[in-house]
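Okay, so here's the structure we're looking at.
Every read-out reported here was derived from the displayed coordinates using simple, explicitly stated rules and does not represent laboratory data. Computed from a prediction, not measured in an experiment: that's the story for all the values here. Cβ placement follows ideal geometry from the backbone for every residue including glycine, while neighbour counts extend to all protein chains displayed.
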Amino acid sequence: MTPFSYARANNAAEALQLGRGGAANYLGGGTNLVDLMRETIAKPDRLVDVTGLSDAITDTADDGLLIGAAVRNTALAEHPAVRTRYPMLSRAILAGASAQIRNMATVGGNLLQRTRCTYFYDTDGSRCNKRVPGSGCDAVGGFTRIHAVLGASPACVATHPSDMCVALAALDAVVHVEGAGGARTLSFGDLHRLPGDRPELDTVLEVGELITAIELPPLPFAASSTYRKVRDRASYAFALISVAAAIDVVDGEIRDVRLALGGVAHKPWRATTAEALLRGRPATEAAFRDAAIAELADARPLRDNGFKIELAKRTIVAVLGDLSGATA
Amino acid sequence: MPILVNGSAVALPNDPRVSLLDLLREGLHLSGTKKGCNQGACGACTVLVDGERILSCLALAVQYEGRSVTTIEGLSDGDGLHPLQQAFIDHDGFQCGYCTPGQICSAIGMAAEAKRGVPSHVSADLSTDVRLTREELQERMSGNLCRCGAHNGIIDAIRDTVAAELAA
């Protein structure tokens, strides 16, 4: 680890003040950043501890939820309002990492974790455009079982590792941020980027901008939502494919649906194509299959991950079928 | 403000790079807590902070100012063993023993989580109380790896002690 100074912020204003200038990083639970620093992938000269920001989970005026950036992952997963009103979010969090890590990790930090692409981590042996911009990508043409099939670029085929973020994408979460220019909100789908030719940028946040809270809009039919994760072992592994879904079926017809995929792209993948096809259709397996095929139409396999395309389709069909009770 | 380690006040390190794990092992010579992967993948460094299990390898010690840390050395009362330590012996819950302190601290934190109703990935219903079935224990303990393959004995030891207390 390269040397750095450490300061603790008690609120967002203090954090912005302490984070101004130089190569500062905000520090949450440390479960990703400390590891990246140890690997010398991240080399901040100053850490601003933001675990003193709000850790409150409160109802909003319109029956949504406001979640402070310093809420720990376990606290969010176990909160009664999340378990009953947004179960896909509880399930997504509980599918990720281990209990020890969930106890440490903050909500804000979860959003800003970096890819687990093995070439990104291999500082000694591999080129990586995300780690060293312009150096090349050894994942392309390499071992790509865990890599992206949607939205990738010649510069980067990494995936976003978060489970929680897949549910937040499906739930249309709103990200509250503060920076030198004041406070603003971002739609969750706009926070993370596709790699394009700037894969070193995971998000659209400006330097020094700080996530202060996540807001969940009300979504009554999310009360029976879920999250399914397919991975190489039963627990404590990153997703090959994951699906967050909620579906509102009235008299056999799909009135509304939310669908997002993990493990397929550089960002949590909101399946807007499939959603648009499903609204107004009968809730049948055939409709789910058609929508899944359309969503994955632009998927492009790398050497080792072609299986993900069919796996994603089947997981979408299975999850929507389970939620709606549809039969073939 | 210092850190409390097994009830004793300990000064914060001057260098913020020092992990809680290195503070325990190198600074305080509490070598019960083990350094396995040092990257959050194995659970050997698990300790309890204010009763919650965390990974001390990913924790910068300076972040834990004023908090109360319990390590394997702080579990037993005097010369006796903690009941879970005895259960690990009774059930052959280890061979080499390297993961054991982390397994035991993790299990104690796990039981507290279950007691307050934290669901897990394998909980069929998020709204009901937790029942610590074998499947639940395996999932909840999946952050602690045992390369000797003593997982069955580990789960048996936990079922007989901290999980049994919850069911009672």
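For chain B, hydrophobic long helices are taken as DSSP H runs at least 18 Å long by C-alpha position along their axis with mean Kyte-Doolittle hydropathy of -0.5 or more; these are B:100-115.
Taking a ≥ b ≥ c as the square roots of the Cα gyration tensor eigenvalues, with a/c under 1.5 meaning rounded and otherwise prolate when a/b beats b/c, else oblate, which class fits the stretch B:3-74? Note, shape of the stretch B:3-74 comes out rounded.
The stretch A:68-91 and the stretch A:127-176 have Cα centres lying 25 Å from one another. Taking a ≥ b ≥ c as the square roots of the eigenvalues of the Cα gyration tensor of the stretch A:5-51, is the shape rounded (a/c under 1.5), prolate (a/b larger than b/c) or oblate? Oblate, because a/c is 1.5 or more while a/b does not exceed b/c.
Note on A:44-56: average number of Cβ atoms from other chains within 10 Å of each residue's Cβ is 1. Under the convention that each Lys and Arg Cβ holds +1 and each Asp and Glu Cβ holds -1, the size of the dipole of the protein assembly as shown around its Cα centre is about 1060 debye.
If you sort the three axes of the alpha carbon gyration tensor as a ≥ b ≥ c, you get a/c of 1.5 or more for the stretch A:157-226 and a/b no higher than b/c, which makes it oblate. With a 10 Å cut-off around each Cβ of A:29-40, the average count of Cβ atoms from other chains is 4.
Summing Cβ point charges (Lys, Arg +1; Asp, Glu -1) relative to the Cα centre of the stretch A:225-324 gives a dipole of roughly 460 debye. Compute the angle between helix A:285-295 and the longest alpha-carbon principal axis of chain A, please, reported from 0 to 90 degrees and rounded to the nearest 10. The two axes meet at around 40 degrees. With semi-axes defined as the square roots of five times the eigenvalues of the C-alpha gyration tensor, the equivalent ellipsoid of the protein assembly as shown measures 36, 28, 22 Å, largest first. For chain A, the longest principal axis of the alpha carbon atoms and the long axis of helix A:307-324 meet at an angle near 60°. Of the peptides A:68-76, A:177-185, the order by per-residue mean of other Cβ atoms within 10 Å, starting with the highest, comes out as A:68-76, A:177-185. When only the Cβ of Lys, Arg, Asp and Glu is charged (+1, +1, -1, -1), the dipole of the stretch B:3-74 relative to its Cα centre reaches about 180 debye.
Return the subset of A:130/A:229; B:35/B:115; A:308/B:34; A:267/B:115 for which the Cα-Cα distance in this structure is over 32 Å, preserving the input order. Pairs exceeding the cut-off: A:308/B:34; A:267/B:115.
Along the charge dipole of chain A, which of A:240, A:296, A:13 sits closest to the positive end, that is, farthest toward it, with unit charges on the beta carbon of Lys, Arg, Asp and Glu (+1, +1, -1, -1)? Of A:240, A:296, A:13, it is A:240. In the stretch B:3-74, a dipole from Cβ-located charges (positive for Lys and Arg, negative for Asp and Glu) runs towards its positive end, and of B:62, B:20, B:37 it is B:37 whose Cα lies farthest in that direction.
Translational diffusion of the stretch A:99-188, estimated by Stokes-Einstein from the Kirkwood radius over alpha carbon pairs at 4 °C in a medium of 1.567 mPa s, is 85 µm² per second. Of the peptides A:56-67, A:237-248, B:142-153, A:211-222, the ranking by mean beta-carbon count within 10 Å, highest at the top, reads A:237-248, A:211-222, B:142-153, A:56-67.
Whole-percent P(r), chain B, all Cα pairs, 5 Å bins from 0: 1, 9, 18, 21, 19, 15, 10, 5, 1, 0. Packing here is the average count of other Cβ atoms within 10 Å per residue, and on that basis the peptides A:163-173, B:72-82, highest first, run A:163-173, B:72-82. Inter-chain neighbour count for A:104-115: the average number of beta-carbon atoms from partner chains within 10 Å of each residue's beta-carbon is 1. Dipole orientation for the protein assembly as shown: of the candidates B:87, B:74, A:121, A:121 has the Cα lying most toward the positive pole (charges on Cβ; Lys, Arg +1; Asp, Glu -1).
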